[in-house]
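Participant: Dropping a structure here in structure tokens format, bear with me for questions.
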Amino acid sequence: MTNKQQLTDDIAYVRAAAERSASVHIPAIYLIWAVLCLCGFTLVDLVGPGSAWIGVYWMIGGPVGGGLTWWLAWRAARDVGQADRREGKRWVFHFLGFFCTGLLVFGLVGTGQLTWPGVSSTWILLLALTYFLAGLHLERRMLPIGLLLGVGYLITLALPAYGFTVAGVLAATALATQAFIGARAHRAED
């Protein structure tokens, strides 16, 4: 085998390995957040937007979901040999930015510039933006989730009775769909 042929084979091998390892799809992460969003958004309609139960739910559900997400992603990346600390930090800081910005919204309530129903809708709007930007910069599968969350935000404004439940169904549907579509696409690549 000539050096040129060996070099061509090596480049083809590296290219194929890089294409196979473009991203690790973990359906369980999407499903965890589908359940959390469906229950959490529906809770707003059940107990009212100003209820402390919403805060309790998300102060428990958010960290538990985040911890499970981190653990599943770490394990999957390790299993396929793609553990990348920088990529992991980008994901963590991206969603940490969402959380911190959401906390700043409470300053608007404290100064009387925003009502409690407005806080719940604003969190959905921020989540829509967070998923949309994640779709642009981190993982394309997040784009449709962000778009449907944006529609959910609009529904919370237009449909006061069950708007948050409808937004939760939209979010859960988008997340679950991406879990199954991504899993099917991942199997097709193998």
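The values are calculated or read from the model by the stated rules, or taken from the named source; none is laboratory data. The shown structure was predicted, so the numbers you read here are calculated from the model rather than taken from an experiment. Quick reminder, even Gly has a Cβ in these numbers, built from the backbone with ideal geometry, and neighbours come from all protein chains shown. Surface areas here come from the heavy atoms of the whole protein model, side chains and all, with no ligands, DNA or RNA. Shrake-Rupley method; radii C 1.70, N 1.55, O 1.52, S 1.80 Å.
Participant: Just for the range 85-95: of the residues that are surrounded by fewer than 12 Cβ atoms within 10 Å (Cβ to Cβ) and closer than 21 Å to L126 by Cα, which one is modelled with the highest pLDDT?
Facilitator: Only one residue fits best here, namely F93.
Participant: Are any residues in the range 113-133 open to solvent by 20 Å² or more (accessible area, probe 1.4 Å), among the β-branched types (V, I, T) and within 17 Å of the chain's Cα centre (by Cα), and if so, which ones?
Facilitator: T122
Participant: Would you confirm whether or not the range 135-152 contains a residue that is at pLDDT 90 or above, outside any helix (DSSP H, G or I) and open to solvent by 70 Å² or more (accessible area, probe 1.4 Å)?
Facilitator: The answer is no, given that none of the residues of the range 135-152 is at pLDDT 90 or above, outside any helix (DSSP H, G or I) and open to solvent by 70 Å² or more (accessible area, probe 1.4 Å).
Participant: Kindly indicate whether G110 is open to solvent by 60 Å² or more (accessible area, probe 1.4 Å), out of contact with any Pro (no Cβ under 6 Å at 6 or more places or on another chain) and either charged (D, E, K, R) or at pLDDT 85 or above (or both).
Facilitator: Judged against the criteria, G110 is a match.
Participant: Please enumerate the residues belonging to the range 75-84 that are out of contact with any helix residue (DSSP H, G or I) (no Cβ under 7 Å at 6 or more places or on another chain), modelled with pLDDT under 80 and of a type in the set (G, A, S).
Facilitator: Passing the criteria: A77, G81.
Participant: Hey, another quick one. Which residues, counting only those in the range 85-125, are under 24 Å from V166 (Cβ atoms), small (G, A, S) and out of contact with any helix residue (DSSP H, G or I) (no Cβ under 7 Å at 6 or more places or on another chain)?
Facilitator: The answer is G118, and nothing else.
Participant: Scanning for something in contact (Cβ under 8 Å) with a residue 40 or more places away in the chain, basic (K, R) and in a helix (DSSP H, G or I), does the range 88-103 turn up at least one residue?
Facilitator: Looking for residues that are in contact (Cβ under 8 Å) with a residue 40 or more places away in the chain, basic (K, R) and in a helix (DSSP H, G or I), one finds at least one in the range 88-103, hence yes.
Participant: Okay, moving on. Looking for something closer than 19 Å to L175 by Cα, open to solvent by 80 Å² or more (accessible area, probe 1.4 Å) and without any contact (Cβ under 8 Å) to a residue 40 or more places away in the chain - is there at least one such residue anywhere in the range 66-84?
Facilitator: Scanning the range 66-84, I find at least one residue that is closer than 19 Å to L175 by Cα, open to solvent by 80 Å² or more (accessible area, probe 1.4 Å) and without any contact (Cβ under 8 Å) to a residue 40 or more places away in the chain, so the answer is yes.
Participant: Considering only residues that are hydrophobic (A, V, I, L, M, F, W, C) and open to solvent by 70 Å² or more (accessible area, probe 1.4 Å), look in the range 170-190 and name the one that is modelled with the lowest pLDDT.
Facilitator: For the range 170-190, the residue satisfying everything is A188.
Participant: Is it the case, given these coordinates, that W53 is at pLDDT below 90, assigned to a helix (DSSP H, G or I) and either open to solvent by 30 Å² or more (accessible area, probe 1.4 Å) or under 20 Å from H137 (Cα atoms) (or both)?
Facilitator: In short, no.
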